[in-house]
Amino acid sequence: MNADVKAAANEVYKLPPKLFDARCKACWFVLGVLLLVAFSFGTLDLKWGQFLSPEAFAKMGKFLGELLQPETSPAFLKKLLAAALETLAMSALGTLLAVMLGLALALPASKTFDGDPARWRSLTRLLLNALRSVPELIWATLLLIAAGLGPFAGTLALGLHTAGVLGRLFAEAIENAPSGPGFALRVRGVGESRVFLYATLPQVLPQLLSYTLYRWENNIRAAAVLGVVGAGGLGQMLAFHMGLFQMGETSSILIAMLFLVALVDGLSFASRRWLAS
Amino acid sequence: MRVPVKRPLPGNTPPALRDPAWRGRVFWALAGLALLWPMLVLTEFKPWLLLEPDALKPALRFLSDFVPPRLDGDFLAMVARETWRTVAIATAGLTLALLLAVPMALLSARVLSISALTGRMALLPAVVRQLVRWLLIVLRSVPELIWALVFVRVVGLGPTSGVLAIALTFSGMLGKVYAEILDSGETHATTSLLRNGSGRLQAFLYALLPQNAAELTSYTVYRWECAIRSSAVLGFVGAGGLGQQMDASMKMFNGSEVATMLLVFMALVWLADRISAWLRRGLA
């Protein structure tokens with residue numbers, strides 16, 4: 001494609017390609033997208049009439065009006081603080097579990113040197129992909145059956161999904177680490193576990209840390225909403241008060257969520273700058 | 001070179017036989033444990049409860065139900081229909097998000113400012129840009145699940161709330177990233193057009209868009225993939241699609257149905273990931 005364009009620039013009389021021809025990739029892409037969009041809108045029973053009706057607007061208006069008066073009684077704020085701390089603890093502990101499980105799975109999932117048979121590589125990668133492709137919320141609903149309502153199920157759900165994500169990232173970091181130090185130890189007959197601890201780990205540790213911090217940031221957002229299915233934290237409170245149409249409480253919880261996310265964003269930005277310097 | 005370890009060289013201290021940093025390591029390990037304790041209490045972290053017979057029996061029954069996944073024709077047809085609805089909600093939501101995001105991105109992009117061509121941007125456009133940016137921040141910092149919860153209360157159960165929720169959150173993300181892409185590219189062609197008296201829309205269509213089209217499309221395709229994942233999740237609060245059916249089956253402890261839908265969901269995510277990677281490779 002590019003070669004043609006360059007050739008055309010030298011030949012004065014050559015015409016540009018036709019705007020639409022059968023081999024035009026972009027045209028097919030646009031056509032496909034338009035069809036997809038048309039079918040999507042066509043097959044969904046969207047109730048715009050109901051959404052744009054005066055009653056819906058009145059309801060929305062009432063919602064918004066009540067949302068502007070957050071509940072600030074000290075007793076409620078105390079409960080809110082506890083829930084926010086619970087969310088924070090869920091995300092941190094979930095990330096910690098994910099780091100441990102992810103690292104445990106990343107080791108068999110990586111091929112560290114040329115002669116490494118890495119027998120478990122494809123199997124563990126499959127497991128990591130499966131863990132990763134199920135979202136936290138679905139893990140949480142599955143785990144609620146075993147762990148019951150409460151933050152424990154949410155923590156485990158965060159841990160499982162994030163283990164899939166981190167395991168894959170860790171495995172890639174381990175595979176891409178320079179092989180020199182490991183080789184130097186290996187030729188002297190040092191065992192694999194000590195090669196990992198003294199050669200591979202020190203090299204990849206900064207990268208693992210930055211991945212972990214990034215995922216922790218994501219997990220706080222996830223932990224805040226996980227509770228909607230009953231898995232503890234701010235989300236559970238939100239679903240409860242919104243179910244009772246107590247919009248003042250709902251508004252305070254929403255503000256707390258936004259504040260928590262902003263706080264973590266700020267902290268993680270600062271710590272990343274500190275790690276980089 | 002061989003240096004005998006036992007006998008130190010004259011004037012040298014003997015090599016450390018123990019980890020010289022052990023004090024620091026022990027301290028930080030203890031500090032970490034001290035921090036971990038309240039977290040374990042707050043999250044009610046009691047893994048042994050998982051092994052108690054009351055918790056273990058229903059969980060095991062549910063899991064053992066997974067094994068032949070339900071595969072009869074009627075059920076598979078329903079799953080296929082709901083899977084399409086999940087994709088359709090994501091696509092429709094992203095289309096609406098695009099309609100919201102493009103004007104906001106154009107409003108907040110710095111390159112398209114005429115007053116900024118000659119020194120500082122004038123006060124009014126600067127204020128408008130900042131306001132649009134704040135609006136984008138608000139839109140994307142409320143998770144789509146919360147929007148969906150609100151809309152389910154207003155319009156009732158069904159795909160409308162899912163589409164709206166995705167439209168609002170994703171318009172915030174798309175608008176911000178579009179504006180960043182437009183601002184970060186080469187601005188020479190755009191400023192030339194603007195300096196020669198073209199309108200801002202003309203400058204966008206003839207200079208800024210052709211330059212950045214591939215990157216903008218690639219990001220949009222990536223977000224479509226994310227929208228599919230989140231539309232499946234939105235079903236859990238009643239916004240239609242695969243998630244809603246999965247939620248219903250889970251509430252009835254029907255393991256075989258859940259197993260089928262989980263497999264279909266994983267296949268869907270995998271397929272969306274492949275398609276999006278293939279398209280983005282084509283665009284690069």
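Data for the structure
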| item | result |
| --- | --- |
| Trypsin sites (Lys or Arg not before Pro) lying in DSSP loop within region B:14-109, provided at most 14 other Cβ fall within 10 Å | B:ARG18 |
| Value of Rg/Rh across region A:54-97 [Cα atoms, Kirkwood radius] | 1.27 |
| Least to most buried among A:PHE39, A:PHE152 (fewest other Cβ within 10 Å first) | A:PHE39, A:PHE152 |
| Top positive-direction residue, dipole computed over the protein assembly as shown with Cβ charges, set A:GLY233, A:GLY42, A:VAL165 | A:VAL165 |
| Over region A:52-177, equivalent-ellipsoid semi-axes from the Cα gyration tensor in Å | 42, 18, 13 |
| Span from the region B:90-142 Cα centroid across to the region A:246-276 one, whole angstrom | 23 Å |
| Relative contact order of region B:133-277, defined on C-alpha pairs under 8 angstrom at six or more residues apart (%) | 25 percent |
| DSSP-loop trypsin sites (Lys or Arg not before Pro) across region A:173-277, with at most 14 other Cβ within 10 angstrom | A:ARG188 |
| Residue exposure sequence - A:SER271, A:SER251, B:SER64 - by fewest surrounding Cβ within 10 Å | B:SER64, A:SER271, A:SER251 |
| Of the DSSP H helices in chain B, those whose Cα atoms cover at least 20 Å axially and whose Kyte score averages 0.5 or more | B:22-42, B:73-108, B:123-141, B:159-184, B:255-283 |
| Signed unit charges on C-beta, dipole axis of the protein assembly as shown, positive-most listed residue A:LEU64, B:LEU99, B:ALA116 | B:ALA116 |
| Whether region B:228-284 is rounded, prolate or oblate, judged on the alpha carbon gyration tensor where a/c under 1.5 counts as rounded | oblate |
| GNM result for chain A, Cα springs below 10 Å: residue of A:GLY243, A:GLY180, A:GLY42 fluctuating most strongly | A:GLY42 |
| Residue of B:VAL237, B:VAL128, B:VAL87 that the Gaussian network model of chain B assigns the largest fluctuation, springs spanning Cα pairs under 10 Å | B:VAL128 |
| At least 30 Å along the helix axis (C-alpha) and Kyte average at least 0.5, DSSP helices within chain A | A:74-106, A:151-176, A:247-276 |
| Sparse-neighbour loop sites [chymotrypsin sites (Phe, Trp or Tyr not before Pro); region A:209-258; at most 14 other C-beta within 10 Å; DSSP] | A:PHE245 |
| Rg to Rh quotient for region A:147-277, alpha carbon positions, Kirkwood Rh | 1.16 |
| Check: the protein assembly as shown dipole with +1 on Lys, Arg Cβ and -1 on Asp, Glu Cβ, in debye | 1620 debye |
| Nonlocal amide H pairs with B:GLY240, under 5 Å, H built at 1.01 Å | B:GLY158 |
| Lys, Arg +1 and Asp, Glu -1 on Cβ, resulting dipole of region A:79-276 about Cα centre, debye, nearest 20 | 460 debye |
| Choice from A:GLY49, A:GLY102, A:GLY235 showing the highest fluctuation, given a GNM over chain A with Cα pairs closer than 10 Å | A:GLY49 |
| Isotropically averaged projected area of region A:100-142, using the convex hull of Cα atoms (one quarter of hull area), nm² | 3.4 nm² |
| Cα principal axis extents for the protein assembly as shown, largest first, Å | 84, 69, 56 |
| Rh by Kirkwood over Cα pairs, then Stokes-Einstein D for chain B at 1.306 mPa s and 10 °C, µm²/s | 67 µm²/s |
| Approximate spin-label separation B:LEU123-A:LEU244, in nm, with each point projected 7 Å along Cα-to-Cβ | 4.9 nm |
| Furthest towards positive pole of dipole, A:ALA98, A:PHE196, A:GLY148, structure part region A:79-276, Cβ charges | A:PHE196 |
| Distance from region A:73-150 to region B:171-207 (C-alpha centre basis), Å | 41 Å |
| Charge context of A:THR155, other residues only, Cβ under 12 angstrom, K/R +1, D/E -1 | -2 |
| Mean separation of Cα contacts under 8 Å (6+ apart) over length of chain B, as relative contact order % | 25 percent |
| Cα-centre dipole for chain B with unit charges at Cβ (Lys and Arg positive, Asp and Glu negative), debye to 20 | 1240 debye |
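Here, each number is a calculation from the coordinates, and none is a lab measurement. Predicted, not measured: the structure shown is a model, and the values here were computed from it. A quick note on method: Cβ atoms are made from the backbone with ideal geometry, for glycine too, and the neighbour counts reach across all protein chains shown.
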